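J.: Before I ask anything, let me first share the structure, which is written out below as structure tokens.
The values are calculated or read from the model by the stated rules, or taken from the named source; none is laboratory data. Just so you know, these numbers come straight off a predicted model, no measurement behind them. Cβ coordinates were reconstructed from backbone atoms using ideal geometry, including for glycine residues, and neighbour counts include every protein chain displayed.
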Amino acid sequence: MKRCKMRVGMVGGGGGNSFFGAPHRRAILMDNSAELTAGALRSDPAAALASAEELFFERGYGHWGDLVAGEAARPEGDRIDYLTIVTPNDAHAGPAEAAAGAGIGVLCEKPLTTTLDEARRLHAAVQAADVPFVVAHTYTGYPMVMLARQLVRDGLIGEVRKVEAWYPQGWLATRREAEGSKQASWRTDPAQAGASGCGGDIGSHAYEFIRFVASLRAVRVSARMKSVVPGRALDDDFGVFAELDNGAIGVVSASQITIGAENDNGFRVIGTAGTLRWRHTHFAQLEHYVVDRPVAIYRAGVDYGYIPGSIRPYLRMPQGHPEGFHEALANLHRTIEWTIRGRRGEEAPKPFDHPGIVDGVAVMAFLEASVASAREAGAWVDVPFNG
Ligand SMILES: NC(=O)c1ccc[n+]([C@@H]2O[C@H](COP(=O)([O-])OP(=O)(O)OC[C@H]3O[C@@H](n4cnc5c(N)ncnc54)[C@H](O)[C@@H]3O)[C@@H](O)[C@H]2O)c1
């Protein structure tokens, strides 16, 4: 069978001042194995069509509903292979469910939805349709984060006793939402962002580190959420203690008021036999600590012999040449692409187990339990879903 480029659709991400559509487009095009086929890139139909033309999409649509219907009506081999959703959180579930219903795979931004109920409905639709589904926890696309997952699973650090995961930022230390920042204004609006601002936006990435790297799940949480900046409806500081499913301690800390923190996220997985630490500021390395031994540092590079076969296809460069944020995002696109090609019987590397629909729902359950706990001054609350 002749292999063709992936035909990729996109919802959201148009217009000069939108943020994350552009990194996705670069990520989709990075490996020359995919093209920008169909776009419904803005909420206003005329602006959506203009944006698709400006950004060289083959086909523009005025609304995501038209995109899904229009693509589903095209013959197989001519319609999009998957849909990338990069709208504000309240506009994820609609296009995701429609695409799944039409048998089209989805790469959806995080957090999956604005409520757990909505996430559960989407989960049911995706399960029924059995389409590939990836949630864009970008940091899980870094090869050293993937390696950490592999090493923990291989038992390198023994039994996990504690996981610390963090994500501080400082860009919302002032009321940017009152100064015309589009990104700040929907992220601080409960109707568009969901019940947690900081938790949903970046605490979600930190919690996913616990799930992805340590393969553990929060069963109970005690949370403290605060709107530090006066006049803000949602939390801009988010701290959670969690009891994990093996009895280990989980600590998730995220903040949008940490001036100077940039995107300094990371994790420490602490086991009976050692600790693994990764920091976004040093994304190409993974540190391994053992009592009374010098620290060992794994570094990214396709030519390092210790990179396992499950991760090697995700590296593009030999040691010392940085592969950063765009490559990590492109790796999530690789996962959905390789899943689709594999299902068709085409030759493709085995995809890594990046976050999918179940992880998306579990993060929403963690957020919902955290909000309930914070409202009760940190009372312990059970997490209602954990796949
Ligand atoms: N994975 C990551 O690392 C990461 C980083 C940044 C943002 N995000 C996520 O990406 C999403 C978008 O965030 P952003 O910062 O790019 O927001 P943004 O406000 O910059 O862009 C949103 C885009 O969606 C469009 N849009 C809004 N409603 C729409 C609709 N109904 N139909 C079609 N288009 C519509 C807007 O016109 C705009 O182009 C959010 O869910 C956010 O959490 C993820």
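J.: If you scan region 227-285, which residues turn out to be assigned to a helix (DSSP H, G or I), surrounded by 15 or more Cβ atoms within 10 Å (Cβ to Cβ) and of a type in the set (V, I, T)?
T.: none
J.: Taking strands (runs of 3 or more DSSP E) that do not extend beyond region 85-180, which have at least 3 residues that are away from the ligand (no atom under 16 Å from the Cβ) and surrounded by fewer than 24 Cβ atoms within 10 Å (Cβ to Cβ)?
T.: 160-168
J.: Here's something else I'd like to know. Go over the candidates V383, V371, V302, V295 one by one and state the one that is among the aliphatic types (A, V, I, L, M), more than 30 Å from S33 (Cβ to Cβ) and in the same structural domain as R220 (by TED's automatic domain parsing).
T.: Going through V383, V371, V302, V295 in turn, just one is among the aliphatic types (A, V, I, L, M), more than 30 Å from S33 (Cβ to Cβ) and in the same structural domain as R220 (by TED's automatic domain parsing): V295.
J.: Related question: Name the residues in region 52-83 that are within 13 Å of the ligand (Cβ to nearest atom), farther than 12 Å from A100 by Cα and within 23 Å of the chain's Cα centre (by Cα), would you?
T.: Passing the criteria: only W64.
J.: Among the residues of region 26-45, which ones are in contact with a Gly (Cβ under 7 Å, 6 or more places away or on another chain) and either of a type in the set (F, W, Y) or more than 8 Å from the ligand (Cβ to nearest atom) (or both)?
T.: Passing the criteria: T37, A38, G39, P45.
J.: Next question, about the same structure. Got a number for residues in region 3-25 being over 19 Å from A102 (Cβ atoms), surrounded by 20 or more Cβ atoms within 10 Å (Cβ to Cβ) and within 7 Å of the ligand (Cβ to nearest atom)?
T.: 3
J.: For region 50-94, give me each residue that is small (G, A, S) and modelled with pLDDT under 95.
T.: Selection gives G77 alone.
J.: Test A48 against the stated conditions and say whether it is within 8 Å of the ligand (Cβ to nearest atom), among the aliphatic types (A, V, I, L, M) and assigned by TED's automatic domain parsing to the domain that holds R120.
T.: yes
J.: Within region 186-218, which residues are outside any loop (DSSP other than H, G, I, E, B) and surrounded by fewer than 17 Cβ atoms within 10 Å (Cβ to Cβ)?
T.: P190, A191, Q192
J.: Something else now. Which one is surrounded by the fewest Cβ atoms within 10 Å (Cβ to Cβ), of the residues in region 286-312 that are over 26 Å from the mean Cα position of the chain (by Cα) and among the β-branched types (V, I, T)?
T.: Out of the qualifying residues, it is V291.
J.: What pairs come out if I take residues in region 286-305 that are within 18 Å of G271 (Cβ to Cβ) and touching a residue at least 40 places away in the same chain (Cβ under 8 Å) and pair them with residues that are among the polar types (S, T, N, Q) and surrounded by 12 or more Cβ atoms within 10 Å (Cβ to Cβ) whose C-beta lies under 9 Å away, six or more apart or interchain?
T.: Final answer for the pair search is H288/T275; Y298/Q285.
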